[in-house]
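Below you'll find the structure, written out as structure tokens, and then a few comments.
Please treat every number below as a calculation from the coordinates, not as lab data. Quick caveat, the model's predicted, so the values are computed rather than measured. Don't worry about glycine lacking a Cβ; one is built from the backbone with ideal geometry, like all the others, and counts go over all protein chains shown.
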Amino acid sequence: MSELIRALERYFELESLGAKWRTEILAGFTTYVTMAYIAFVNPSILSEAGMPFTAVVAATCLSASVGSILMGALARYPIALAPGMGLNAYFTYSVVQGMGVPWTVALGAVFLSGVAFLLLTAIGVRRLIVSAIPHELYAAVAVGIGLFIALIGFRNSGIIQPSPTTTVTLGNLRDPNTLLALFGLLLIAALMARGVRTAMLIGILTTSLVGAALGLVRMAPRVYQWREISATAFRLDIAGALQIGLIEIVFVFLFVDLFDNVGTLVAVGKKAGLFDRAHQIPRVNRILFADATATVVGSLAGTSTVVSYIESAAGVVAGGRTGVTAILVGLLFAVTMFIAPVLGAIPAAATAPALIIVGSLMLAHAAEIEWTRPVVSIPAFLTITTIPLTFSIANGLAFGFTSYTLLKILKGEYREVNWLVYLLTALFVARFAWLGKG
């Protein structure tokens, strides 16, 4: 046994990183409790696409488990993975509800984006794309997605509602369910202000219990059986996703996942001191491979795109430095797979506040944009505003890239634009032309 422990210590480089088993385990628990809310929030969002709630719970936990364990064992980093916020909203509200695409076809698009990720990682194109695209643009995408998520939370909570004259207006704040959502919002915000790392999870569960006690929520605990995942597992329609009109969906899943992961790697890498002297992250291709593989597994099980989670930073702050942290998170999600569905569906009044809070946290990326430079600030602004206002991440990307490239050309700085950016812009222009014909 001692030989095995020493071998593991050498493999995970515990001594050179100044890590200890006890600290790594504590960090794993810390990361898990800060992101466990996804086991409830992701199924709540995807169920609005017509997907069975309990099946998505299982798929969510399974993909998070596989992705985190793979990240820890292969890449050896304290970064946990799970279905991403923003991409699940795009899946449900833009693709399924907005475009009328069946959720089986949308899962097929997620699968294709995951396979494309694997191929792009294998040939090194992902690194090329990251270096080619201006940092301000993917910071703007993160902010725009944050506003998009918050808008969904405000709508689901009843805080805002549609208006024929002003598009949106204030909802009925005397409605009991809206009041319950406001209670949840205040509770999560207060807990976060006090530095409670489990604020999101405590807020969701407490709001649900308060709603049940007041008769506003019908909790339906029941026995959960593993075979219920069959309602979504292997139900993806890959052939349907290969249709010409749906390639755009695959591209958006691919693009947003790319920058979501890059942003997380940079943020967590800086906190954990993972960068080498050349300011590069060692074994970065293994990180990208783990992410892409988890997305493929998730699509086969029945959930949207899997990404690296910024909540991993909480575990790093707690002392996590190695893959042991991520492996423990994966094991805990494997246990959650059988426990979470027993609690019954979590109401919108409990998950909507979490969406609003997550959206607010993503606005921190706005500080990375040079607002005094119109050539980058205007494209960033168009990206940020068109994502929530058109209810489409794809539209935000299209406006941002097209305006950035055109402004660079008009300013005479066309030589500074990478050829890959020109290629992406041409694809977006073609998309606008195609939509115009529709």
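When you count the other C-beta atoms within 10 angstrom of each residue and take the mean per peptide, 156-166, 48-58, 411-421, 65-75 line up highest first as 65-75, 48-58, 156-166, 411-421. With both labels modelled 7 Å from their Cα along Cα-to-Cβ, the Ala212 to Leu407 distance reads 5.0 nm.
Applying Stokes-Einstein at 37 °C and 0.692 mPa s to the Kirkwood radius of the chain, computed over alpha-carbon pairs, gives a translational diffusion coefficient of 148 µm² s⁻¹. Scoring 331-337, 191-197 by mean Cβ neighbours within 10 Å over their residues and listing the highest first yields 331-337, 191-197. Full extension of the chain between Ala426 and Thr385 yields a length gain of 12.6 nm, computed as 0.36 nm times the residue separation minus the alpha carbon distance. When only alpha carbons are used to place a centre, the range 149-203 and the range 298-323 end up 25 Å from one another. Modelled spin labels at Ala132 and Leu119, positioned 7 Å past Cα toward Cβ, are 1.5 nm from each other. Normalised by the number of residues in the chain, the average gap of Cα pairs under 8 Å and 6 or more apart makes the relative contact order 35 percent. As a proxy for reagent exposure, ranking Asp237, Asp257, Asp291 by other Cβ atoms within 10 Å from fewest up yields Asp237, Asp257, Asp291.
Centre-to-centre, using Cα atoms only, the range 21-79 and the range 353-420 are separated by 29 Å.
Given a Förster radius of 45 Å and the C-beta distance between Ala239 and Leu363 as r, what FRET efficiency does 1/(1 + (r/R0)^6) yield to the nearest 0.05?
Between Ala239 and Leu363 the formula returns 0.70.
The ranking of Phe432, Phe251 by Cβ neighbour count inside 10 Å, starting from the fewest, reads Phe432, Phe251.
Using Cβ point charges alone (K and R +1, D and E -1), the dipole size of the chain about the Cα centre works out to roughly 240 debye. Dimensions of the range 370-438 from C-alpha coordinates, computed as largest minus smallest value along each principal axis and given longest first, are 34, 24, 17 Å. Here the range 370-438 is assigned +1 on the Cβ of each Lys and Arg and -1 on the Cβ of each Asp and Glu. Its dipole about the Cα centre then comes out at about 160 debye. Dividing the summed helix terms, -39500 (n - 2.57) for each DSSP H run of n ≥ 4, by the number of residues in the chain produces a 222 nm estimate of -21000 deg cm²/dmol to the nearest 500.
Each of His365, His135 was scored by other Cβ atoms within 10 Å of its Cβ. Listed from fewest to most, they are His135, His365. Once the Cα-Cα distance is subtracted from the 0.36 nm per residue extended length, the Ile25 to Ala193 segment shows a gain of 57.9 nm.
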